[in-house]
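Written below as structure tokens is the structure these notes are about.
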Amino acid sequence: MKTFPKILLSLLLCYASVPTWAQFGYLTGTVSDKFGPLAEASVTLEGTPYGIHTDVQGYYAFQLDTGTYLMEIKKPGYKSVLHQVIVRDYESTEILVTLESTVLEQDVASGSLSKVLVRQMESSVPIDVITGQQIMDTNQPNLSAALHYLIPTFYSVDQTIADGTDFVTPASMRGLSPDQVLILVNGKRRHKSALVHVNGTFGRGAAGTDLNTIPMISIERIEVLRYGAAAQYGSDAISGVLNIVLKEETGEAHFQIDLAGTQGGDGQVEKIAGNYGFSMGGKGFLSFTCEFLNKQSINRSGNYTGIIYGDSRDQDPVARATFFDQTGLEMDKIMKVGGASTQNANLTYNGSFKPKEDMELYFFGGINYRKGSSTGYYRLPYDSAKVVHYIYEEGFSPEISPDILDKTFVLGERGKIKDWYLDFNVNLSENTFDYTINNSLNASLGIASPLTVYAGGFSYGHKIASINLTRRFEATIPVNVSFGAEYKLENFSIRKGDEESYYNGGDTTNYGQPREVGFQVFSGFTPENEIHKLRSNIAGYLELKGDLTPKLEIITAARLESYFNHYGPNISVKATGRYKFSDLLILRGGFSTGFKAPSLHQLYYSRISTQFVDGLATRVANYNNESTLARLFGIDELIPETSKNYSIGVTSRPFRNFSTSLDFYRIDIEDRIVLTGQFSGDDDPIFDQVFDVLGVQSAQFFANAVSTVSWGFDYFLAYQLIRDHSKLDLSIGFNYSATDVTNIKASGILNQAPVELFNREEVARLESNVPRSKLIFDAKYSLKRLSVNLRNTYFGIVEYKHPDDGDPANWPINQYTGQAQSRDQLFASKIITDLDVTFQITPHVFVSTGANNLFNVYPDKQNHSANVEEGRFVYSRRVQQFGVAGAYYFGQLIFKI
């Protein structure tokens, strides 16, 4: 080791003796706005690997080879600036940059295929821009939860006691279905989850996109298009489009550590995430994001008051206390209600490379793995048809433990070919969902039953190839022309479970009663359920965007789409316009038609499951749309939904730092695909005969059963006040959305049977299970190194309607009042307050702490004993405004290097 200093000194002397021919200089400066320096502004030099962020005083510095450079300065909330600079030999060049603030007004392209950026306030359709910093400021554990508190038109709440839906949170816009909003990443279609929601929660009957496979720290911004866009993007874009734009920053590493938990002492969250981007020799970039999230379960069930043993021990306090002690839960609870536990690991990447000046190769994608655990109804000792006492003397709490794997890869080429801008890409994506059931059994196998089993699963994937060409024609009326084509191949598979998960072993109780068939909580997929289906479609589209006058912009588009061997050609059209009287008043509006093809999930999903209705276990059969039974029940072949979308609005910017907008809309949807109510053997003698043969008690189907009208308005206001070293950002967003079921269509045997195809509970799921009104008030105050963010979110009323309680003769006795009362309930509006405080310790280290739901607000408790189900459900699991976690306290440490 003593020789090391000598070697180092020799190397330094050798280096010093070599002539240095390289010439270099310095580029320095500050970035500020009108009222002071700006920290964290991005300063990059195009065509080089150099890129840094300004420090807390807005300062930046480079040591560069002599030459001419194009410097770009960017910061969210400000207009970007380009500067050409010359660096001379051994000289220091100072460039002072002042950025202009933008309020509610950023460059967006999601409203058009032309890729021409327009000012947000001047777009012909309503578009919101959510920055990556805004998303991080929510301090929510995942993306869907963050957007729930950022976008008034957006709804996404964790569900509970809903099988797979506990792990894939449904998300929607304007109160419509999760599969009626299109999700894009970097402008390319994001694939759907393999899971179709079939339990009694919001989103029932739909297969949406799992937003929580995308780490929040990887996002630059999200463009929210609040308008039907099927004429541009194809199927699903009925209620709107979310375009998630991934980060492209280079030269900085961003790491964060999050710790959080609820006031109730559960729901602990541990998250570690990091993002780093680096330049690829000045010809491109590569950005990586890694994230690990560990989220523990939440339990808001009540104390169980019902039968345990079905004998005298139920009256013995000691016996009951002994039973509750062995459940492992606090007090007298017997199940977990509120939120599942999940572990989520994610790797996301985004990059591009320019092999030559006019051509760019780009790529992005990622892989996400999620493991979870949730419980179902406790199987109590008195129910010997479900409990084998030799194995579980005190009953058992079965667990669903899914493994969810999500993979996506997009590769494309874009650039100029003569006067045309070309974008060609391929998109390969897949999502798989596999069920493992723990701490359970197949009672029909008796003591031979295993306690853990693989119950099967499903997968969904797509392969897309698309090409888009855009050109601007300068003429008397300048016109942007965009056209292209797309080919998509989809696949959907159901995999059977282990034989023990579904097999009828024939065991009986001591009284000769047949025991329950299939694994408790989730009976496995059978060989009859197993399928592998493919479907392909092709589309072509054209868009014209013209400035008829300097004040008037018109966009028209049409898309022809055909599903081979399924549905004939569908044509969607769009026409939007914007007239700019002045900055004080801009008028915009539009009309479009759209469609949503039946998903492969809706066409081919089939399974026999156990669902609990009013606390009673019912074996429910879901037969696929092509089955003979579907035709027997009068269910026709599924056809695409069709829609008409109307919008008119105004925007105004009376002052530089004040913007506002108001947009009205209406969406008419015909032939909506829904999961019907359950037809039981009690409804009709013919049904009873069929169900006896099949060994089930009821059935449900996917059908084009209803038509709806949705209408409402969105209002936004933003204001920014800047003083010497402080800044105050205020914003208000309000949405009112109402959906009315205008028609229910039944055919065949269902026309004669005394049963509703779509009962009042299912109607309410579309009309009143989601708040019709939501208001978000956000205030962020920054003073030098300190920032404080206060957010209040108002959630309007929601309503639950029981399927049978339209007739007072069906009202049961409410044990709380002693009277026969309806199980319907209206849940009052609530306000949730979030507060966080962030302090910059050093130029590279930030610490944040605060609370979401600061005042520990909960939804109304259920007021009918039948809905509470002997203490199990204090809060409704059917309708939710914001979940049942209560106050949620967090701390966050951020490093930017």
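The values are calculated or read from the model by the stated rules, or taken from the named source; none is laboratory data. Since the model is a prediction, treat every value here as computed from it, not as a measurement. As a convention, Cβ positions derive from the backbone with ideal geometry for all residues, glycine included, and neighbour counts pool all protein chains shown. Side chains included, ligands, DNA and RNA excluded: accessible areas come from the protein's heavy atoms. Shrake-Rupley method; radii C 1.70, N 1.55, O 1.52, S 1.80 Å.
Here is how the numbers come out for the structure above:
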quantity: For the chain, calculated [θ]222 nm from helices alone, where every DSSP H run of n ≥ 4 adds -39500 (n - 2.57); calculated: -2000 deg cm²/dmol
quantity: Globularity ratio of the chain, using Cα Rg and 2.2 N^0.38 Å; calculated: 1.02
quantity: Cα gyration tensor shape for the stretch 303-449, rounded if a/c is under 1.5, else prolate or oblate; calculated: prolate
quantity: Rounded, prolate or oblate (a/c below 1.5 giving rounded, otherwise prolate when a/b exceeds b/c) for the stretch 294-354 by Cα gyration tensor; calculated: prolate
quantity: Label-point gap, in nm, between Y390 and W711 - each point 7 angstrom along Cα→Cβ; calculated: 6.6 nm
quantity: Residue among Y563, V198, F285 farthest towards the positive dipole end of the chain, charges placed on Cβ; calculated: F285
quantity: Zero-based 10 Å bins, Cα pair distances in the stretch 484-616, whole percents; calculated: 10, 22, 18, 16, 14, 11, 6, 2, 0
quantity: Estimated D of the stretch 420-569 in µm² per second, where Rh is the Kirkwood radius over Cα pairs and Stokes-Einstein applies at 37 °C, 0.692 mPa s; calculated: 164 µm²/s
quantity: Residues T842 and Y26, FRET efficiency given R0 of 22 Å [Cβ-Cβ distance, rounded to 0.05]; calculated: 0.35
quantity: Full-extension gain in nm, L82 to L584, via 0.36 nm per residue minus C-alpha separation; calculated: 177.9 nm
quantity: In order through the stretch 466-474: 3J(HN,Hα) via Karplus (6.51 cos²θ - 1.76 cosθ + 1.60), integer Hz, x for Gly, Pro; calculated: 9, 9, 9, 10, 9, 8, 9, 9, 8
quantity: Debye, to nearest 20: dipole size of the chain, +1 on Lys, Arg Cβ, -1 on Asp, Glu Cβ; calculated: 2500 debye
quantity: Positive-end residue of T452, N537, L329, charge dipole of the chain with Cβ unit charges; calculated: N537
quantity: Accessible solvent surface per residue of the chain, calculated while the other protein chains remain in place, 1.4 angstrom probe, Å²; calculated: 40 Å²
quantity: Taking the chain and dividing mean pair separation by its residue count, relative contact order in percent (alpha carbons under 8 Å, at least six apart); calculated: 10 percent
quantity: Environment charge of G850, counting only residues whose C-beta is closer than 13 Å and scoring Lys/Arg +1, Asp/Glu -1; calculated: -2
quantity: The stretch 235-342 - Rg over Rh from alpha carbon coordinates, Kirkwood radius; calculated: 1.29
quantity: Percent carbon-and-sulfur accessible area, the chain, ignoring ligands, DNA and RNA, probe 1.4 Å; calculated: 58 percent
quantity: Efficiency of FRET between A820 and A319 - r from beta-carbon atoms, R0 35 angstrom, step 0.05; calculated: 0.60
quantity: Residues N303 and E100, FRET efficiency given R0 of 56 Å [Cβ-Cβ distance, rounded to 0.05]; calculated: 0.40
quantity: Net charge of Cβ neighbours under 12 Å - reference K780; Lys, Arg +1; Asp, Glu -1; calculated: -3
quantity: Given charges at Cβ of Lys, Arg, Asp, Glu: the chain dipole, positive-most of S374, F424, F679; calculated: F424
quantity: The stretch 769-862: equivalent-ellipsoid semi-axes (sqrt of 5 x gyration tensor eigenvalues, Cα, Å); calculated: 45, 13, 9
quantity: Rg to Rh, two decimals, where the stretch 152-219 supplies the alpha carbon set and Rh follows Kirkwood; calculated: 0.95
quantity: Nitroxide proxy distance, nm - points 7 Å out along Cα→Cβ at L893 and T66; calculated: 4.7 nm
quantity: Contour excess over end-to-end distance, with Cα ends at E46 and W420 and 0.36 nm allotted per residue; calculated: 132.4 nm
quantity: The stretch 365-509 - Rg over Rh from alpha carbon coordinates, Kirkwood radius; calculated: 1.34
quantity: Cα-based Rg of the stretch 190-275 normalised by 2.2 N^0.38 Å, two decimals; calculated: 1.44
quantity: Listed peptides 212-219, 497-504 by packing density, highest first (mean Cβ within 10 Å); calculated: 212-219, 497-504
quantity: Label point 7 Å beyond Cα of L560 along Cβ direction - residues of the stretch 479-517 with amide nitrogen under 16 Å; calculated: 483-487
quantity: In sequence order, calculated HN-Hα J values of the stretch 294-299 (Karplus, 6.51, -1.76, 1.60; Hz; x Gly/Pro); calculated: 10, 10, 7, 6, 10, 10
quantity: Around W811: net Lys/Arg minus Asp/Glu count, Cβ-Cβ under 11 Å; calculated: -3
quantity: Whole-Å semi-axes of the ellipsoid equivalent to the stretch 180-237 (Cα gyration tensor, √5λ, descending); calculated: 21, 17, 10
